[in-house]
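Q: One structure, as structure tokens, below. Some questions next.
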Amino acid sequence: MQSQNPMIADFVKLMNGAAGTFAGMTREARETARERVKETVGGLDFVSREEFDAVKAMAAKAREENEALAKRIEALEAKHKL
């Protein structure tokens, strides 16, 4: 059995309106925070994953070449000392 009390009906309407308003405020706050983070991060100089991987591969190749050259120098120095 439902209550026919207008005060209860008005209170329920008020609570429904408040819940809707609160949900809207939450959604708006979330969107505002997301936009601020995008603006902040967008201004920073980040590299993409592809750029990072390319530089990492270049560094590995340079390290290998450096090691090979060091071995070659050692061999030449050993040969020169004889």
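The values are calculated or read from the model by the stated rules, or taken from the named source; none is laboratory data. Being a predicted model, the structure only gives us computed values, none of them experimental. Cβ coordinates were reconstructed from backbone atoms using ideal geometry, including for glycine residues, and neighbour counts include every protein chain displayed.
Q: From the list THR40, THR32, which residue is at pLDDT 90 or above, hydroxyl-bearing (Ser, Thr, Tyr) and in a helix (DSSP H, G or I)?
A: THR32
Q: Does ALA60 count as surrounded by 10 or more Cβ atoms within 10 Å (Cβ to Cβ) and either free of Cβ contacts under 8 Å to residues at least 24 places away in the same chain or assigned to a helix (DSSP H, G or I) (or both)?
A: Taking the combined requirement at face value, the residue satisfies it.
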